[in-house]
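Only one structure is covered here, and it is reproduced in the block below.
Just so it is clear, none of the values below were taken in a lab; they were calculated from the coordinates. Note that the coordinates shown come from a computational prediction; the quantities given were computed from them, not determined experimentally. Don't worry about glycine lacking a Cβ; one is built from the backbone with ideal geometry, like all the others, and counts go over all protein chains shown.
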Amino acid sequence: MPDPTRILLPAREYNLAATLNSGQTFRWRSGEEGWEGIVGDRWVRLRAVREGIAAETAAPQTDWTWLERYLQTRVELPRILATFPADEPICAAIEACRGLRLLRQDPWECLASFICSSTKQIVQIAQIISRLCARFGEPVAVPAGQTPAFAFPSARRIAALAEADLRACQMGFRAPHLLAAAHRVARGELSLDRLQRLDTPSARAGLMTLPGVGPKIADCVLLFAYGRQDAFPLDVWVTRALCELYFSGRRVPPARLREFGQQHFGPFAGYAQQYLFHYIRIHRRGPTGQNRGRT
DNA sequence: TACCAGGAGAGCG
DNA sequence: CGCTCTCATGGT
């Protein structure tokens, strides 16, 4: 008799660690028994196995499509990677983190998380979000013996807070941005559901009307939450990667880089961007943490 | 200790 | 348009 709290999601070439740990999401923790995190209001533990991904929840499930959607296990990765030009840099990046995928996240959580992300290291972003959830998120059911876990606080919940509450999560100057964004979403002045149905430039423009949301964060939300796989977020790392690998170290203005990325990599440019991001970060730090600094 | 981090926005020439 | 500054915080 099958255990309704467990399932095996079939997947080929799924690099779970790279996917959960490549700066597209911030709440997963690697433990003895696998990766533990929250998807929506469900506690989840994931483990990479030969046939795909073994998943475990706290409560019985009758339908696992929410998790398949989140993990994008049905996406045929080789078909996507085959659309890229076979130049040396992108091939090296793909080789360095084979099986890395883009997740399909909740728009509000993704938006709020990336509002908190600007000029922060990934470890710090994770800390900020952890505090935010622990203080203001709804508790979710966890298996016996597990530490308490919390859902990501809704826009309405955050809108009801004071700026000081958010600053207490150590998010600094991002606090007023998150608060104002929560207000606009909670009041329905910006409908995150409606953005789903807009073309990408319109959805991007809509996101950028929010305080603290510029081109980079808008592109992250389009790519990580709205499935716009041609969105091409340009942060310091991707900028660095493109300049070094495709422009022989010259400085190139962001607009030109973005244009290059989308032209060169095509309809799945966002995937290419994620590989380059993860690749250059691994190689800049070195596998064991030394080898820092400029070349 | 300095430098830097998955930026954005305003001011200025 | 491009450049510079500020914003808050702490990891490395």
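Couple of notes before you dig in:
- Value of Rg/Rh across the range A:124-193 [Cα atoms, Kirkwood radius]: 1.02
- Estimated inter-spin distance, residue A:167 and residue A:32, nm [label 7 Å along Cα→Cβ]: 4.2
- Relative to its Kirkwood radius, the Cα radius of gyration of the range A:71-116 gives an Rg/Rh of 1.09.
- Rg followed by Dmax, in Å, when the range A:160-293 is reduced to its Cα trace: 17.2, 49
- Shape descriptor for the range A:107-224: Rg over Rh equals 0.98 (Cα atoms; Rh from the Kirkwood inverse mean 1/r).
- Sites residue A:196 and residue A:63 - FRET efficiency at Förster radius 22 Å, r taken between beta-carbons, to 0.05: 0.60
- Three-way shape call for the range A:6-74 based on the alpha-carbon gyration tensor, with the a/c threshold at 1.5: rounded
- The label-point distance for residue A:134 and residue A:49, in a model that sets each label 7 Å from Cα toward Cβ, rounds to 3.2 nm.
- Sites residue A:76 and residue A:123 - FRET efficiency at Förster radius 35 Å, r taken between beta-carbons, to 0.05: 0.60
- Among the GluC sites (Glu not before Pro) in the range A:1-53, those placed in a DSSP loop whose Cβ has at most 14 other Cβ atoms within 10 Å are A:13, A:32, A:33, A:51.
- Coil-residue chymotrypsin sites (Phe, Trp or Tyr not before Pro) of the range A:97-187, DSSP, other Cβ within 10 Å capped at 14: A:173
- Taking every alpha-carbon pair under 8 Å whose residues sit at least 6 apart, the range A:107-224 reaches a relative contact order of 27 percent.
- The modelled label-to-label distance for the pair residue A:17/residue A:255, using points 7 Å beyond Cα in the direction of Cβ, is 4.2 nm.
- For the range A:143-217, the list of trypsin sites (Lys or Arg not before Pro) that fall in a loop by DSSP and count at most 12 other C-beta atoms within 10 angstrom reads A:187, A:197.
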